[in-house]
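What follows is a set of notes on a single structure, which appears directly below.
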Amino acid sequence: MRDFAAYATSKAGPLVATRVLAKELGARGITANAVLSGAIAAGFLDLTGPVARSMAPGTLERIAASAPAGRLGTPEDIAAVVAFLAGPAAQVHKWWFSKAWATGG
């Protein structure tokens, strides 16, 4: 993917900060999580919004194709991840959070 450096850099800072917080606070039973979503079909990428409509033909399709799921994410995708992280099931799987996961859109 061209011009990926700025996007990747925007994700690196919060990811590192969250890992540091998790290590510092974990001993006290406090978890730290971050949801660093990819492109979401909402806000400025709302498919019916003015920004998306003004993009060159094929731009949204290229953005969607670059995602692990091959599509733009949805607010519901993000809500499901946040609900999991905030719920009791996440406590059982604390070891997951020492890794970065690429999921969905």
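Name the one entry in V51, V20 that is touching a Phe, Trp or Tyr at 6+ places or on another chain (Cβ under 8 Å) and exposed (fewer than 12 other Cβ atoms within 10 Å of the Cβ). Working first, answer last.
Details: V20 fails: touching a Phe, Trp or Tyr at 6+ places or on another chain (Cβ under 8 Å).
Going through V51, V20 in turn, the sole match is V51.
Can you say whether S37 is touching a helix residue (DSSP H, G or I) at 6+ places or on another chain (Cβ under 8 Å) and of a type in the set (S, T, Y), as far as the supplied structure shows?
Working: touching a helix residue (DSSP H, G or I) at 6+ places or on another chain (Cβ under 8 Å): yes; of a type in the set (S, T, Y): yes.
Yes, satisfied.
Quick one: which residue in F44, F97 is of a type outside the set (G, A, S), modelled with pLDDT under 80 and surrounded by 13 or more Cβ atoms within 10 Å (Cβ to Cβ)?
Of the residues listed, the single one that is of a type outside the set (G, A, S), modelled with pLDDT under 80 and surrounded by 13 or more Cβ atoms within 10 Å (Cβ to Cβ) is F97.
The values are calculated or read from the model by the stated rules, or taken from the named source; none is laboratory data. The model shown is predicted, which means the values in this text are computed figures rather than measured ones. Positions of Cβ are backbone-derived with ideal geometry, glycine not excepted, and every protein chain shown enters the neighbour counts.
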